1. So, in the range 127-144, how many residues would count as being open to solvent by 10 Å² or more (accessible area, probe 1.4 Å) and within 12 Å of the chain's Cα centre (by Cα)?
2. List every residue pair whose Cβ atoms sit under 6 Å apart, with the two residues 6 or more apart in sequence or on different chains, where the first one lies in the range 113-124 and is closer than 17 Å to residue 101 by Cα and modelled with pLDDT of 95 or more and the second, anywhere, is open to solvent by 80 Å² or more (accessible area, probe 1.4 Å) and part of a helix (DSSP H, G or I).
3. Take residue 148 and tell me if it is of a type in the set (A, V, I, L, M), over 19 Å from residue 11 (Cβ atoms) and surrounded by 16 or more Cβ atoms within 10 Å (Cβ to Cβ).
4. Checking the structure you have, find out if any residue of the range 33-46 is part of a strand (DSSP E or B), within 30 Å of residue 94 (Cα to Cα) and modelled with pLDDT of 90 or more.
5. Does at least one position in the range 13-28 carry a residue that is basic (Lys, Arg), within 22 Å of residue 133 (Cα to Cα) and outside any helix (DSSP H, G or I)?
6. How do the pairs read when you match residues in the range 88-107 that are farther than 12 Å from residue 122 by Cα and open to solvent by 30 Å² or more (accessible area, probe 1.4 Å) with residues anywhere that are outside any strand (DSSP E or B) and basic (Lys, Arg), using Cβ under 6 Å and keeping only pairs 6 or more apart or on different chains?
7. Considering every residue within the range 93-101, establish whether at least one is outside any loop (DSSP other than H, G, I, E, B) and over 21 Å from residue 128 (Cβ atoms).
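The values are calculated or read from the model by the stated rules, or taken from the named source; none is laboratory data. No experiment lies behind these values; they were computed from the predicted model shown. A quick note on method: Cβ atoms are made from the backbone with ideal geometry, for glycine too, and the neighbour counts reach across all protein chains shown. Ligands, DNA and RNA are excluded from the accessible area calculation, which covers all protein heavy atoms including side chains. Shrake-Rupley method; radii C 1.70, N 1.55, O 1.52, S 1.80 Å.
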Amino acid sequence: AFVAQHMLSLLLACASRLVEADQPLRRGDWRNRYDYLESMFLPGKTCLLLGYGAIGKALEPLVRNLGMKVSMVKRQLTTEMIGDSKVFEVSQLHQALEQADVVLCSLPGTPETENLLDTKAFAKMRQGSILVNVGRGSVIDQYALYDALKSNHLLAAGIDVWWNYPKTK
């Protein structure tokens, strides 16, 4: 439940452009207070859960309480409805991405999930969408993510995991 709460906080920070608004203010630049800073109003948006284990199951009611519609990609189900959630098979990932405004990823790092979100997957995501990943860094092609952010195809990304971690003692 804590990781789901953390994921929700990353989503809210991305949707509100919290970092982009905070950094200039700390430098004494108040222009964002007066200028429009693009953000995403979440009620009515569609959230895609990539990973529906303990984290996804704890996260689902949280995003529903924000007024979001929920869909998910699961390994073992055929396309069906769980409650009012649309469920996609892994083979339908690109179709699911096309319909999502927000993608919340909590997938483990496995050979099947490595670089699952690659250049083709990012191209399928809606212009101005948000990605949050608390799963494993290897699920996302880091160069494709960089390009999607640099080109402004993605509004924001909340990344709690990375590809290479520093060595600790």
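1. Residues that pass the stated criteria total 2.
2. Listed pairs, sorted by first residue: 124/98.
3. No; evaluated as a whole, the condition is false for this residue.
4. There is at least one residue in the range 33-46 that is part of a strand (DSSP E or B), within 30 Å of residue 94 (Cα to Cα) and modelled with pLDDT of 90 or more.
5. Yes, there is a match, as at least one residue in the range 13-28 is basic (Lys, Arg), within 22 Å of residue 133 (Cα to Cα) and outside any helix (DSSP H, G or I).
6. 90/75
7. No, the range 93-101 contains no residue that is outside any loop (DSSP other than H, G, I, E, B) and over 21 Å from residue 128 (Cβ atoms).
Results for (1) open to solvent by 40 Å² or more (accessible area, probe 1.4 Å); (2) on the phi > 0 side of the Ramachandran plot; (3) in contact with a strand residue (DSSP E or B) (Cβ under 9 Å, 6 or more places away or on another chain), shown as yes or no for each residue.
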position: 3; (1), (2), (3): yes, no, no
position: 7; (1), (2), (3): no, no, yes
position: 21; (1), (2), (3): no, no, no
position: 32; (1), (2), (3): yes, no, no
position: 42; (1), (2), (3): no, no, yes
position: 49; (1), (2), (3): no, no, yes
position: 54; (1), (2), (3): yes, no, no
position: 60; (1), (2), (3): no, no, yes
